[in-house]
Amino acid sequence: MNRRAILAFASALALTACATTPPGNTPPQLGPDGKPLPKVYRIGGDSARVQFRMLDSVNALRQAAGAPPLELDSKLTAAAATHARDMSVQNRPWHFGSDGSSPIDRVRRVGYSGRLVGETISETYETELETLGAWMEEQPTRQVILDPTARDLGFSWFQEDNGKIWWTMVLGAPGRGPIIGETSEAF
């Protein structure tokens, strides 16, 4: 009888081992909607790599749409970085700063002399390319990204300790006159 119990226990143990997921290959956790919860994307210290990956991806989309390529602009990037951090402080993704500033105000403050084409923002745990994909699915942000008058791009983010990322992309048109409120609804 002991032999049968030990054999049954060993068989059950063997079946359990077969049913478990190998280490490092855990199944995704599901949210209340049944979809996998996002994994936290940690941005390392190589911010230039993230910025150029976004620039290259945006330019590929623009090329496919027949729009000219963009160049990274340090002033627009400064405006984007300021707003990304400020959205985190406010704990909400929106186009207005905690001081009441608009995207136009922020672009003026950094000394950009061209025209603001638009600003796209996001609050997420996803990568910059997943965020770009989400922006391209929405008509107002897609219009900003593909606007043929844009030539300059500012792109930055702020990542909280919990992994949440606040993304901001600002597009501008240099030498196109003063900054005016001719922006899309996406800002």
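Brief remarks follow.
- Hits in segment 48-79 (condition: closer than 25 Å to S113 by Cα, open to solvent by less than 90 Å² (accessible area, probe 1.4 Å) and polar (S, T, N, Q)): Q51, N59, T77
- Taken as a whole, the structure leaves E130 outside the set of residues that are open to solvent by 20 Å² or more (accessible area, probe 1.4 Å), assigned to a loop (DSSP other than H, G, I, E, B) and modelled with pLDDT under 95.
- Within the set S102, S88, S122, the sole residue that is closer than 16 Å to Q51 by Cβ and touching a Phe, Trp or Tyr at 6+ places or on another chain (Cβ under 8 Å) turns out to be S122.
- Condition met for A12 (modelled with pLDDT of 80 or more and out of contact with any strand residue (DSSP E or B) (no Cβ under 7 Å at 6 or more places or on another chain)): no
- When residues of segment 151-187 are limited to those that are acidic (D, E) and assigned to a loop (DSSP other than H, G, I, E, B), the one modelled with the lowest pLDDT: E185
- All positions within segment 123-140 that are touching a residue at least 40 places away in the same chain (Cβ under 8 Å) and over 19 Å from K164 (Cβ atoms): M136, E138, P140
- Filter result for G97 (surrounded by 14 or more Cβ atoms within 10 Å (Cβ to Cβ) and modelled with pLDDT of 95 or more): no
- Qualifying residue in segment 30-49 (condition: among the polar types (S, T, N, Q) and touching a helix residue (DSSP H, G or I) at 6+ places or on another chain (Cβ under 8 Å)): no
The values are calculated or read from the model by the stated rules, or taken from the named source; none is laboratory data. Since we're looking at a predicted model, the values are computed, not measured. No Cβ is skipped: glycine too gets one built from the backbone with ideal geometry, and neighbour counts run over all protein chains shown. Only protein heavy atoms, including side chains, enter the accessible area calculation; ligands, DNA and RNA are left aside. Shrake-Rupley method; radii C 1.70, N 1.55, O 1.52, S 1.80 Å.
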